[in-house]
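Below is one structure, written out as structure tokens, with a few remarks after it.
The values are calculated or read from the model by the stated rules, or taken from the named source; none is laboratory data. Small disclaimer: the values here were computed from a predicted structure and weren't measured. Please note: Cβ atoms are built from the backbone with ideal geometry, for glycine as well, and neighbour counts cover all protein chains shown.
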Amino acid sequence: MSRPTGAEILQQVLRSALALEADSPVTVWPTIPEDRQEKFVAEVLRHRVVGVIAPVLESLDLSDPWRDRLIAERSQDVLESMRLQSVAVTVVDALTSAGVRVLVYKGVALAAQTTADPSSRGSGDLDLLIAPQDVPKAHAALRRLGASLVDGYIPIPGSPLWPTARRIGCEAPYRFRSVNLDLHWRIDPTPQIASMPYEELWERRSEVKLGGVSIPTLGVLDSLLITCVHGTKEQWHQWRWVVDAVRQLRSVPTESWVDVKRLSHRTGCHVGLSVGTAIAARLATVPAPCLGGPKAERLAEQAWTQAEKGTAPFGRITRAKQLERLAWRFRTLPSPTSAGSVLARAAWSNLDMAEQPLHPCLVWTYPLMRPYLWARRFKSGRYLVSARPGKAS
């Protein structure tokens, strides 16, 4: 019988830790052989689940050097969370003062919403969601605050190419006080996925405490759907997102599942939710209802296996990985009609428009230029500006 890998041990430990969170008794903790401890710690860091493991370290038979490594990582997460919370308070205040309604979501806001501890998900960037028409106003407010738009990612909000850029993309990246700010006006580049009018999201909003201040965030059900949509888009290659889904799914009362399913279909989140419930079952003591049948289970199994082996098409950008991700994208679309939106975004890119600005009447020429600009970015190593250092969700 083969010995468990570091990833397999981590799965067992995560399942026990999440059971303990849910007040389920854990009588026996997984054994971590001494010659597997380095691999186990490497998997904890790769999947970014230090915040889940740290509270149960005393129950694990880790040697002192590896326990100390995780404690140090956890301390770093706490410090980084404090910085992110401070920036969130400052940015929300500036945008609100400028008349921009803003929701902070994912990251520290999701950690606070699911665990009441903003540091529990580790470090990352700060994701902000605003109404599409407010982006130029938000851009001006962020510039006044001292934030800078990341160069070469997207045409400047309010510029001649901005109307096209807004339709094609869903976010603009900024830097402020060494923190990555992602300003979203839509959840997903494909508009049929997470098609949630901002007015509805704002009406269903909730609040979390960040830096001692009440900050608007997504409502609980909207937050769950977006976790599942985002995790599915990213092929769940970090188990941190699976942990998020487990925590959020167990908070849904049985009588609310009808509303959840109805909302997921109305907003184009049903495929993500189906895959999310299927993959969360691998860590949940009491799994949520499986909503997608055999197809969702196949997709979840593929994503889980790739995450376990570290073979998901992420990391260093290559043509093969991009094609693999595109194939996954088509397999997880909410409807056949959304395929046209994906193809359009394969032909028009905000990266191209930012790198080579043209007069708006020449927007039609960008698909002709795309192969050249795409190949040039591969050669220069600047294929994705969005993969900037420190970017995480």
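Structural remarks
- Pick from region 227-266, criterion in a loop (DSSP other than H, G, I, E, B) and surrounded by fewer than 23 Cβ atoms within 10 Å (Cβ to Cβ), ranking: farthest from the chain's Cα centre (by Cα): Pro253
- Residue satisfying all of: in region 194-226; surrounded by fewer than 21 Cβ atoms within 10 Å (Cβ to Cβ) and hydroxyl-bearing (Ser, Thr, Tyr); farthest from Gly272 (Cα to Cα) among these: Ser214
- Of all residues making up region 162-181, the number that are more than 30 Å from Met82 (Cβ to Cβ) and among the hydroxyl-bearing types (Ser, Thr, Tyr): 1
For (1) of a type in the set (A, V, I, L, M); (2) closer than 30 Å to Val252 by Cα, each residue gets a yes or a no:
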residue: Ala112; (1), (2): yes, yes
residue: Ser123; (1), (2): no, yes
residue: Pro155; (1), (2): no, no
residue: Pro160; (1), (2): no, no
residue: Leu183; (1), (2): yes, yes
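- Filtered residues of region 291-307 (kept if over 14 Å from Trp241 (Cβ atoms) and in contact with a helix residue (DSSP H, G or I) (Cβ under 6 Å, 6 or more places away or on another chain)): Leu291, Gly292, Ala296, Glu297, Leu299
- Looking only at residues of region 9-46 that are charged (D, E, K, R) and without any contact (Cβ under 8 Å) to a residue 24 or more places away in the chain, we find that the one that is surrounded by the fewest Cβ atoms within 10 Å (Cβ to Cβ) is Asp23.
- The set of residues in region 239-289 being closer than 15 Å to Val220 by Cβ and aromatic (Phe, Trp, Tyr) consists of Trp257 alone.
- Residues located in region 9-46, provided they are acidic (Asp, Glu) and either modelled with pLDDT of 95 or more or assigned by TED's automatic domain parsing to the domain that holds Ala111 (or both): Glu38, Glu43
- Search result, residues across region 188-235 that are more than 19 Å from Val91 (Cβ to Cβ) and among the β-branched types (Val, Ile, Thr): Thr190, Ile193, Val220, Ile226, Thr227, Val229, Thr232
- Note on region 30-45: residues that are out of contact with any Gly (no Cβ under 7 Å at 6 or more places or on another chain), in a helix (DSSP H, G or I) and not hydrophobic (A, V, I, L, M, F, W, C) amount to 4.
- Within region 319-335, residues that are closer than 15 Å to Ala346 by Cα have Cβ atoms under 7 Å from residues that are assigned to a loop (DSSP other than H, G, I, E, B) and at pLDDT 90 or above in these pairs: Trp328/Gln235, counting only partners at least 6 apart in sequence or on another chain.
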